[in-house]
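Following: one structure in structure tokens, then a few remarks.
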Amino acid sequence: QKINLANIPNKANVQPDFVSDYKVGYWMHVAAIQYNTAKFKEHGIPFPTQHSDLLHPKLKGHLGMPSPFSYNMISHIVALAYANGGDESNIEPGMKALENFVPQIHSWVTGTVMSQLIKSGDVWASFGSAGGSLRLRSAGLPMAVTHVKVKGHSGMPSVGYMAAVKGTKVAEAVD
């Protein structure tokens, strides 16, 4: 159902494409491969330019994966689908490609735990986000990102929206 945009005090600060009578974007994520440059240099691993570079044998057991149900992982699955002949309407090639990464995986975790594993040195690279890597870099870790490339374009953004459920009995809580 429609939301009362007059009750959003910072609406002017939200990108116009992220606002309509029915929804408001409240977060944005850019899928990226995040990696510890010091660990890659120490072990002679080339910096990754694409997902498949994370299949390097020296990364076995040192790759972090977001929870398979997180918005973060969905972006990476779609990128893998495109890299393997699919797209957002056909993610099966991405799911199949994901199987190749299983031997590399240290663990499937949430963002906070991923940051802890990167800080401890257990995880050297992960399917992550540009923002997550920047936070780690700000904390003093030697982190870098490679933006996911899809159809020749660098960067794969996702936007999260808030909306009101049609017929809600608590419309004032939404507004």
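Counting only protein chains, not ligands or nucleic acids, how are His56, His147 ordered by accessible area (probe 1.4 Å), most first? Kindly include the intermediate steps, with their values, before the conclusion.
Values: His56 50, His147 70 Å².
Accessible-area ranking of His56, His147, largest first: His147, His56.
So with the 1.4 Å probe, I'd like the accessible area per residue for the stretch 1-156, rounded to whole Å². Write down the numbers at each step before the final one.
Numbers: 8450 Å² over 156 residues.
Value for the stretch 1-156: 54 Å² per residue.
Dividing the Cα convex hull volume of the stretch 50-92 by residue count, how many Å³ per residue is that?
Details: hull volume 3.4 nm³, N = 43.
Once divided by residue count, the hull of the stretch 50-92 is 79 Å³.
Which sequence of Lys151, Lys166, Lys11, Lys119 reflects their accessible areas, 1.4 Å probe, from the largest down?
Details: Lys151 150, Lys166 175, Lys11 85, Lys119 120 Å².
Largest to smallest exposure gives the sequence Lys166, Lys151, Lys119, Lys11.
Could you pull the accessible area for Met95 with a 1.4 Å probe, rounded to 10 Å²?
80
Sort 39-48, 65-74 by packing, meaning the average of other beta carbons within 10 Å per residue, with the highest value first. Intermediate values should be presented prior to the final figure.
Numbers: 39-48: 14.1, 65-74: 17.5.
Taking the mean over residues of other Cβ atoms within 10 Å, the ranking is 65-74, 39-48.
Could you please state how large a percent of the accessible area of the chain is carbon and sulfur, counting protein chains only and using a 1.4 Å probe? Mind dumping the intermediate values first?
Numbers: 5410 of 9900 Å².
Taking all protein chains in place, the chain shows 55 percent carbon and sulfur surface.
Rounded to two decimal places and with Rh computed the Kirkwood way over Cα pairs, what is Rg over Rh for the stretch 1-66? Show your work: numbers first, answer last.
Values: Rg = 20.4 Å, Rh = 15.7 Å.
Taking Rg over the Kirkwood Rh, I get 1.30.
Enumerate the calculated ³J(HN,Hα) couplings along the stretch 109-119 in order (Karplus 6.51 cos²θ - 1.76 cosθ + 1.60, θ = phi - 60°), each rounded to whole Hz, writing x wherever the residue is Gly or Pro.
9, 7, x, 5, 5, 4, 4, 5, 5, 5, 4
Of Lys41/Lys96; Lys41/Lys119; Lys39/Lys96; Lys11/Lys149, which ones are farther than 22 Å apart at the Cα? Please report the intermediate quantities before stating the final value.
Working: Lys41/Lys96 30 Å; Lys41/Lys119 17 Å; Lys39/Lys96 28 Å; Lys11/Lys149 31 Å.
Distance filter (> 22 Å) returns Lys41/Lys96; Lys39/Lys96; Lys11/Lys149.
So what is the relative contact order of the stretch 20-77, in percent, for Cα pairs below 8 Å that sit 6 or more residues apart?
Details: 20 pairs, mean separation 16.6, N = 58.
Relative contact order, the stretch 20-77: 29 percent.
How large is ³J(HN,Hα) for each residue in the stretch 43-56, as worked out from phi by the Karplus curve 6.51 cos²θ - 1.76 cosθ + 1.60 (θ = phi - 60°), to whole Hz, x for Gly and Pro?
Each residue of the stretch 43-56 in turn: 9, x, 9, x, 4, x, 10, 7, 3, 4, 5, 7, 8, 3 Hz.
Based on alpha-carbon positions alone, could you give the equivalent ellipsoid semi-axes of the chain from the gyration tensor, as √(5λ), descending, whole Å? Please report the intermediate quantities before stating the final value.
Details: eigenvalues 233, 70, 41 Å².
Each semi-axis is the square root of five times an eigenvalue, giving 34, 19, 14 Å.
From the backbone phi of the stretch 6-17, what are the Karplus-calculated ³J(HN,Hα) couplings (6.51 cos²θ - 1.76 cosθ + 1.60, θ = phi - 60°) in whole Hz, Gly and Pro given as x?
Each residue of the stretch 6-17 in turn: 5, 8, 9, x, 9, 3, 5, 8, 9, 3, x, 5 Hz.
How large is the accessible surface of Val113 in square angstrom, using a 1.4 angstrom probe and rounding to the nearest 10?
Rounded to the nearest 10, that gives 60 Å².
The values are calculated or read from the model by the stated rules, or taken from the named source; none is laboratory data. Given the structure is predicted, the values throughout are model-derived calculations rather than measurements. Cβ atoms come from the backbone with ideal geometry, glycine included; neighbour counts cover every protein chain shown. Accessible surface is based on the protein model in full, side chains and every heavy atom, while ligands, DNA and RNA are left aside. Shrake-Rupley method; radii C 1.70, N 1.55, O 1.52, S 1.80 Å.
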